[in-house]
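The values are calculated or read from the model by the stated rules, or taken from the named source; none is laboratory data. If you're wondering where the values come from, they're calculated on a predicted model, not measured in any experiment. Backbone-built Cβ (ideal geometry, glycine too); neighbour counts: all protein chains shown. The accessibility values were calculated without ligands, DNA or RNA, using every heavy atom of the protein model including side chains. Shrake-Rupley method; radii C 1.70, N 1.55, O 1.52, S 1.80 Å.
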Amino acid sequence: MAAVRVTMDVGSDAVAVITIRNPPVNALALPIVAGLKEKYAEAMSRSDVKAIVLTGEGGKFCGGLDINIFAAVQKTGDLSMLPDTSVELVVNVIEDAPKPSVAAIQGLALGGGLELAMGCHARVSTPEAQLALPELALGVVPGMGGTQRLPRLVGLPKAIEMLLLSKSSIAKEGKEYGLVDAIASPEDLLKTSRLWALEIAEQRKPWIISLHRTDRLGSLSEAFETLTAGRQQAKRIAPNVPQHQACLDAIEEGINFGGYAGLLKEAKVSKELICSSTTKGLIHVFFAQRATSKVPNVTDVGIRPRKIKRVAIIGVGLMGSGIATALILNNTPVFLKEIDSNLLQKGLKMIEANLQSLVKKGSFTIEKMNKALPLLTGVLDYSEFKNVDMVIEAVVEKVSLKQSIFAEIEKACPPHCIFATNTSTIDLHIVGEKTHSQDRIIGAHFFSPAHVMPLLEIVRTDKTSPQVILDLMTVGKTIKKVPVVVGNCTGFAVNRTFFPYTQAAQFLVNLGVDLFRIDRVVSSFGMPMGPFQLQDVSGYEVALAVKDFFATSFRGRTLESELVGLMVKHGRNGKNNGKGYYIYERGQNPKPDSSVQPIIEECRRRANVMPGGKPVTLSDQEVLEMIFFPVVNEACRVLAEGVVIQASDLDVASVLGMSFPNYRGGIVYWADSVGSSSIYEKLNKWTELYGNFFKPSPYLEERAMKGLPLSMLHVAESPQMKARM
Ligand SMILES: C[C@H](O)CC(=O)SCCNC(=O)CCNC(=O)[C@H](O)C(C)(C)COP(=O)(O)OP(=O)(O)OC[C@H]1O[C@@H](n2cnc3c(N)ncnc32)[C@H](O)[C@@H]1OP(=O)(O)O
């Protein structure tokens, strides 16, 4: 029997339980949509069926429409491949049926899954089930009536909040604001749902059609006020993508002309969005992110992750405290080691502050914080290390210090213990040079702030054992990070790819381009902040500490600038001391500081790179390209050297580690949308003008010459290439 199917069981109580079976998340694939129609038709025709309970197999209700359908439509441009799940399925088959349906929700009801449930006449759920309409995060709008039914069930303000932020709720909260009608334990879920469905059929409970409700919408003027606020919020949080405004358009249509008109508008905007470049980028990132968990010779060789019960962290600075926060929040006991009790206390305070800020933001409850804190134990020596399964070293980027720490922990820890380093740049072979445990050495490169940023770059050497890689991937997932496995080189995948980003920006300043204009251009492109504000925020020490590693490793293609050194010399330390390129005042947005201009002038005089001593004139587009094309060029080297397993890993890493705009699909995907030959030509032009920093790599040159995408790692084996040869 095929795994993907819909089944129906009719009980002696005259309730038909219709079950979606499509592991792992019961996505609405085409056979499921067809199966639902078929089983509903059967249930309607059978005289022994009075009511229906709709549910999903394996503890999950439904993860939404099968996103592969979107990918197929985008590939072919054939919109007719999209099933009409809104009117044909939810309205005609479920909502307007002569027999009532109750959704029995467990695990999750996301996107089309929640929309199916909202089309039912009532919803019963287990308390912790996750409910959300995350379609906007995929670049589409809910297409099965979510824009209409959610506001009618939970009220407009809550619906707009859930939609614009793709925010999920757990069912017991959903019950409070009307999304769910009853909560039941997993054991009682079906029993309660069957009873509820029968009671509707027998008119002992109301037969509610959500699409027809208006009681939660408020007055017209209230609704328009909420919509206007929603539109302003959308402009702020999603300025470069269309789906947020489109979603509000569909809601507005429903408020003006009724739910059914709203459904038609929703269907129209859904179709308009699906083949847009931003939606394609977001869907690419969705699948690319899932692909990172498949690592050849690690996840496909039958080994199982070992349990990591206790972790030790060495060095409780900014990174160490962030990593510790992430671990304890996810129930892993942590030993924190520092060299003296002052530093230790400082670190413990930082962790407490991290937790408090998460509570303040509403990400965690005080109870959870109070449960997490006792999982921390501060230590000043290695005596507790005999009981740990993993050590994460997070001290300053100093080779000799790291080497001696690794030699010490080799003696102090049990033989199975994993030795991870959070270095962001140093070659792992060098870090572990003084040990005999090369197979246990691995990079656990977190991004700052480590308890917030989602990427975990897992760096393996040719000696790291698959078991150790798998264990760290599992720890990463446990603490809700996205682990991307990369190879060992200076800067690894992310910092290596992006080192030209800052250098190019500084070079542009030396060429006479306004520093704050550069930041504005880069932010408008979609980065959360420009390169100079980023430098302010991440601290100048980092920039100064890693500069030489890059200069040594990538000799001949780095650009020196004295800007950061001069800033420090003039008493500026970035956000740390409130004075960087910007001024930082408590409770206020950073303001460009015009008094930085003399420092910039001094830097320009020293660099002396302006042609004829005059500032160059560049368009915003040229500024953007001169910053990002060198990054693409380095990404090509990363691909050529096999630092990442597949090009899409670098897309995910750039989005999650550098906040490259996800709707542009990641650095390689974006570069392919620009075209390898155009990037190559521009880089060649700048090489002639400004030198080898811009020189196209052989990988880029080859693809540009052959007109191939950069994401195609193996040219000779590609079918396109063969077809051309
Ligand atoms: C018309 C409608 O309005 C439009 C829609 O419904 S659009 C879809 C809306 N739904 C979503 O956005 C949910 C997307 N999925 C997720 O967020 C997460 O996968 C999840 C929370 C469901 C599960 O997360 P997790 O347990 O970490 O597992 P994860 O690795 O992400 O997914 C497991 C597998 O299910 C697949 N999957 C998850 N949701 C899917 C979906 N909606 N369609 C197709 N495949 C899906 C993943 O691609 C992955 O496949 P793989 O094993 O072959 O790589």
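Compute the long axis of helix 318-329 from its Cα atoms, compare it with the longest principal axis of the Cα atoms of the chain, and write down the angle in degrees, 0 to 90, nearest 10. Here the helix axis deviates by roughly 20 degrees.
Can you put Met527, Met658 in order of accessible area, largest first, using a 1.4 Å probe?
Met658, Met527
Among the protein heavy atoms of the range 53-167, carbon and sulfur supply 55% of the accessible surface, probe 1.4 Å, non-protein parts ignored.
Contact order normalised by length for the range 351-422, with contacts defined as Cα pairs under 8 Å and 6 or more residues apart; what percent is it?
Relative contact order for the range 351-422 comes out at 33 percent.
For the range 239-338, the fraction of 1.4 Å probe accessible surface lying on carbon and sulfur atoms is 54 percent. Think of each Lys and Arg Cβ as +1 and each Asp and Glu Cβ as -1; about the Cα centre, that makes the dipole of the range 8-66 roughly 100 debye. Structural descriptor for the chain: relative contact order 9 percent, calculated from alpha carbon pairs under 8 angstrom and at least 6 residues apart.
Note on the range 470-598: with neighbouring protein chains present and a 1.4 Å probe, carbon and sulfur make up 54 percent of its accessible heavy-atom surface.
Using the Cα gyration tensor of the range 80-211, with a ≥ b ≥ c the square roots of its eigenvalues, what is the shape: rounded (a/c below 1.5), prolate (a/b larger than b/c) or oblate (neither)?
The shape class here is oblate.
Which of the peptides 385-398, 420-433, 561-574 is most tightly packed, and how do the rest follow, going by the mean number of other Cβ atoms within 10 Å of each residue?
Final packing ranking: 420-433, 385-398, 561-574.
Report note on the peptides 260-270, 691-701, 109-119: ranked by the mean count of other C-beta atoms within 10 Å, highest first, their order is 109-119, 260-270, 691-701. The gain in end-to-end length when the Arg520 to Glu602 segment is fully stretched comes to 27.3 nm, 0.36 nm per residue minus the alpha carbon separation.
Separation of the range 399-431 and the range 344-380, taken as the distance between their Cα centroids, equals 26 angstrom.
Ligands, DNA and RNA aside, Ile303 has an accessible area near 60 Å² when probed at 1.4 Å.
For the peptides 227-235, 582-590, 49-57, the ranking by mean Cβ contacts within 10 Å, running from highest to lowest, is 49-57, 227-235, 582-590. Sorted largest first by accessible area at a 1.4 angstrom probe radius, with every protein chain in place, the residues Ile208, Ile458 fall in the order Ile208, Ile458. Keeping all protein chains in place, calculate the accessible area per residue for the chain (probe 1.4 angstrom), answer in Å². Per residue, the chain has 42 Å² of solvent-accessible surface. Summarising the strand pairing of the chain, around 25 percent of its internal DSSP beta bridges are antiparallel. What the Cβ-Cβ distance of Ser45 and Leu624 gives, at R0 = 56 Å and to the nearest 0.05, is a FRET efficiency of 0.35. When +1 charges are put on Lys and Arg Cβ atoms and -1 charges on Asp and Glu Cβ atoms, the dipole computed for the range 404-501 relative to its Cα centre reaches about 260 debye.
Straight-line cross-link reach from Lys39 at under 19 Å between alpha-carbon atoms covers these aspartates and glutamates, not counting any fewer than eight positions away in the same chain: Asp9, Asp13, Asp48, Glu57, Asp84, Glu88, Glu95, Asp96, Glu115.
Could you work out the relative contact order of the range 421-463? I mean the mean sequence separation of Cα pairs under 8 Å and 6+ apart, divided by the number of residues, in percent. Walk me through the intermediate numbers first.
Numbers: 49 pairs, mean separation 16.4, N = 43.
Here the relative contact order equals 38 percent.
A dipole drawn for the chain from +1 and -1 charges on Cβ atoms has a positive end, and of Phe629, Ser437, Ile679 the residue lying farthest that way is Ser437.
Based on alpha carbons, the Rg and Dmax found for the chain are 28.0, 91 Å. At a Cβ-Cβ separation cutoff of 4.7 angstrom, cysteine residues of the chain with no neighbouring cysteine are Cys62, Cys120, Cys247, Cys275, Cys489, Cys603, Cys636.
Here the sum of -39500 (n - 2.57) over DSSP H runs of 4 or more residues, divided by the residues of the chain, equals -14500 deg cm²/dmol at 222 nm, to the nearest 500. Among the protein heavy atoms, those of Ile600 account for about 0 Å² of accessible surface (1.4 Å probe, every chain in place). A crude spin-label estimate for the pair Glu384 and Ser185, with each label 7 Å from Cα along the Cβ direction, gives 3.7 nm. Determine which lysines satisfy two conditions relative to Lys569: a Cα distance under 20 Å, and not lying fewer than 8 residues away in the same chain. Within the straight-line limit of under 20 Å, Lys569 reaches these lysines: Lys547, Lys579.
Taking the Cα centre of the chain as reference, the dipole from Cβ charges on Lys and Arg (+1) and Asp and Glu (-1) amounts to some 620 debye.
For the range 251-325, rounded, prolate or oblate, judged on the Cα gyration tensor with a ≥ b ≥ c (square roots of eigenvalues), a/c < 1.5 rounded, else prolate if a/b > b/c? Because a/c hits 1.5 or more and a/b exceeds b/c, the range 251-325 counts as prolate. The length gained on full extension between Ser553 and Ala407, counted as 0.36 nm times the residue separation minus their Cα-Cα distance, comes to 50.1 nm. Cross-link pairs exceeding 22 Å between alpha carbons, from the set Lys346/Lys477; Lys337/Lys398; Lys167/Lys268; Lys167/Lys477; Lys371/Lys411: Lys346/Lys477; Lys167/Lys268; Lys371/Lys411. Full extension of the chain segment joining Gln232 with Glu161 gains 24.3 nm, where the gain is 0.36 nm per residue of separation less the Cα-Cα distance.
Does the range 296-366 come out rounded, prolate or oblate by the C-alpha gyration tensor, with a ≥ b ≥ c the root eigenvalues, rounded set by a/c under 1.5 and, if not, prolate when a/b is larger than b/c and oblate if not? Oblate, because a/c is 1.5 or more while a/b does not exceed b/c.
The Cα center of the range 168-204 and the Cα center of the range 439-514 differ in position by 45 Å.
Show log10 I(q)/I(0) for the range 542-635 at q = 0.11, 0.20 Å⁻¹, two decimals, from a solvent-free Debye sum over equal Cα scatterers. For the range 542-635, the Cα-only Debye profile gives -0.45, -1.29. In terms of distances greater than 22 angstrom between alpha carbons, the cross-link table entries Lys360/Lys591; Lys37/Lys191; Lys309/Lys481; Lys50/Lys191 yield Lys360/Lys591; Lys37/Lys191.
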